[in-house]
Amino acid sequence: MLDLETAVAQVLAALPAPQSERIPLAESAGRILAETIVSPLDLPPFDNSAMDGYAVRAADVRGAKPEAPVRLRLRTRIPAGESFSGELAPGECARLFTGAPLPRGADAVVMQEDSSHEGEQVLILDAVQPFENVRFQGEDVRQGGILAEPGAEISPGLIGLLGAVGLGEINGGRQPIVGLVATGSELCEAGQALAPGHIYESNRAMLAPLVTRAGGLAKVYPLVSDSLEATRAALETAFRECDIVVTSGGVSVGEMDFVKAAFESLGGELQFWKVAIRPGKPFVFGELGGKFLFGLPGNPVSAFVTFLLLGRPALRHWQGARVSTLPAYPGVLGEPISNSSDRRHFMRVRVDNEGKVFSAGKQASHALGSLALADALLDVPPQTVWAAGTSVKVLRGF
Ligand code: AMP
Ligand code: MG
């Protein structure tokens with residue numbers, strides 16, 4: 001049986017080179033950058049005031065204090081968005097506002113709170129050092145500096161930076177269209193009465209946001225009953241319309257499990273079946289004409305975990321992401337946790353505000369109650385007993 005890291009590496013190696021497209025900057029949050037961004041300008045683009053106050057020559061106001069104010073002549077007024085083409089002479093000041101360009105001749109800004117005025121005369125009540133309250137051109141970002149590199153996930157902060165240097169569009173990785181197909185004759189759509197032995201289908205609605213959060217475009221298909229013909233027809237449609245097809249159910253060893261046979265009958269090639277993890281051993285990965293099958297087990301917890309561990313990296317890598325696996329964060333066990341099986345167990349856990357890690361509840365592959373409470377996965381090696389207080393890493397970010 002494949003270990004998880006080998007399985008992920010095989011999946012990523014099989015994927016095509018990412019394609020890119022132009023994306024409006026304002027719609028790019030969460031997308032993967034596909035270009036190196038070099039700053040076309042300095043930030044700030046010009047020396048400007050960090051305060052509402054008065055631009056001065058620091059030397060003029062040396063020694064100013066409330067009992068011994070320095071009087072300056074008010075030369076001009078510079079709101080943000082305007083500039084002054086003249087130059088301050090000794091003994092002069094300019095009224096200006098946060099973000100307004102510093103006039104030539106001035107080298108510091110006295111904040112408004114340290115001043116008062118009498119007609120055209122301004123009384124400065126406190127000294128300033130040269131360059132105090134001035135934001136210098138290029139102190140934040142230098143023209144020609146690298147702002148972001150290909151493979152970065154675009155955050156709102158990065159959007160702020162790219163907007164500030166004047167970009168309205170970026171090149172981002174194209175998003176895969178991901179078909180969601182649920183198989184099982186026992187499955188019933190929401191809103192319908194449950195026949196004996198039937199259950200409500202929940203995997204497509206659960207997987208759709210996981211696909212979206214991994215950057216994919218989810219496309220939900222109708223339920224598929226357990227027959228070779230129905231499964232084959234459903235896969236044929238989904239493979240025609242999507243880049244990646246994610247199925248749930250029908251990949252175990254039972255004679256009612258048709259996903260592998262239907263996929264192969266369409267010409268699909270199975271790359272591997274079974275990964276040494278719990279939950280989710282029967283996971284299928286295959287390729288069909290440059291498109292990819294992720295055959296998840298039907299048990300909802302198994303489908304959830306295998307999608308996060310094997311499907312999510314593929315969706316991200318497909319878009320060119322530098323980091324495709326779930327981020328790991330440190331935590332400390334708030335209670336003992338053990339795994340007596342011979343496979344790694346990705347337990348559903350919750351992490352409190354102090355980083356203490358607790359089991360989210362019943363750890364069974366059909367147990368949705370604990371899945372709903374979980375905010376992290378804990379990778380527990382085979383045959384392991386961990387005491388409370390053990391330092392661990394938890395996988396988050398889903
Ligand atoms: P399978 O992998 O098809 O053998 O299904 C394993 C278990 O998961 C069975 O109890 C199924 O009824 C259940 N199951 C399969 N698909 C779904 C689904 N889409 N939603 C909810 N439960 C499912
Ligand atoms: Mg089934």
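The values are calculated or read from the model by the stated rules, or taken from the named source; none is laboratory data. Values in this document were obtained by computation on a predicted structure and should not be read as measured data. Cβ: placed from backbone, ideal geometry, glycine included. Neighbour counts: every protein chain shown. Side chains are part of the model used for accessible areas, which takes the heavy atoms of the whole protein and leaves out ligands, DNA and RNA. Shrake-Rupley method; radii C 1.70, N 1.55, O 1.52, S 1.80 Å.
What the table shows:
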| item | result |
| --- | --- |
| Fraction of accessible area attributable to carbon and sulfur, region 198-333 (%, probe 1.4 Å) | 55 percent |
| Nearest-ten-degree value, helix 203-213 long axis tilted from longest Cα axis of the chain | 30 degrees |
| Modelled FRET efficiency - R0 25 Å, ASP3 with GLU287, Cβ distances, 0.05 increments | 0.75 |
| Residues of region 1-98: accessible area per residue with a 1.4 Å probe, Å² | 51 Å² |
| C-alpha long axis of helix 228-241 to longest principal axis of the chain, angle in ° | 20 degrees |
| Nearest-0.05 FRET efficiency for GLU82 and GLN121, computed from C-beta distance (R0 22 Å) | 0.45 |
| Shape of region 226-318, Cα gyration tensor, a/c cut at 1.5 | oblate |
| ASP140-ARG213 FRET efficiency (beta carbon distance; Förster radius 30 Å; 0.05 resolution) | 0.45 |
| Gaussian network model of the chain, springs between alpha carbon atoms under 10 Å - residue of GLU241, GLU82, GLU27 with greatest fluctuation | GLU82 |
| Karplus-derived 3J(HN,Hα), 6.51/-1.76/1.60, for each residue of region 328-345, Hz, glycine and proline x | 9, 10, x, x, 10, 4, x, 7, x, 9, 9, 9, 8, 7, 9, 10, 4, 10 |
| Size of electric dipole in the chain: Cβ of Lys, Arg +1 and of Asp, Glu -1, about Cα centre, debye, nearest 20 | 640 debye |
| Distance violations [Cα-Cα > 31 Å] among LYS219/LYS281; LYS362/LYS393; LYS274/LYS393; LYS291/LYS356 | LYS291/LYS356 |
| Rounded to 10°, Cα long-axis angle of helix 4-14 versus longest principal axis of the chain | 80 degrees |
| Using θ = phi - 60° and Karplus 6.51 cos²θ - 1.76 cosθ + 1.60, couplings along region 39-54 (whole Hz; Gly, Pro as x) | 5, x, 8, 7, 10, x, x, 8, 4, 8, 7, 8, 9, 7, x, 10 |
| Stokes-Einstein translational diffusion, region 106-199 - Kirkwood Rh over all Cα pairs, 1.306 mPa s, 10 °C, in µm²/s | 76 µm²/s |
| Difference of contour (0.36 nm per residue) and Cα-Cα distance, GLU354 to THR98 | 88.2 nm |
| Given charges at beta-carbon only (K, R positive; D, E negative), |dipole| of region 172-308 in Debye | 520 debye |
| Gyration tensor (alpha-carbon) shape descriptor, region 281-349, a/c threshold 1.5 | oblate |
| Additional length obtainable on full extension of the chain from HIS366 to SER391, 0.36 nm per residue less Cα span | 6.2 nm |
| Theoretical ellipticity at 222 nm over the chain - DSSP helices of four or more residues, -39500 (n - 2.57) apiece, nearest 500 | -5000 deg cm²/dmol |
| Reach of LYS260 by Cα under 16 Å, taken over aspartates and glutamates that are not fewer than 8 positions away in the same chain | ASP226, GLU229, GLU236, GLU269, GLU287 |
| Share antiparallel - DSSP beta bridges, the chain, percent rounded to 5 | 65 percent |
| DSSP-assigned coil residues among trypsin sites (Lys or Arg not before Pro) in region 1-100, each with at most 16 further Cβ atoms within 10 Å | ARG62 |
| Candidates TRP318, TRP386, TRP273: whichever shows maximal mean-square fluctuation once the chain is modelled as a Gaussian network with Cα springs under 10 Å | TRP386 |
| Computed label-point distance, nm, for sites ASP342 and GLU149 using a 7 Å Cα→Cβ extension | 4.3 nm |
| Tensor-based shape of region 318-398 (alpha-carbon gyration tensor, a/c under 1.5 rounded, otherwise prolate or oblate) | rounded |
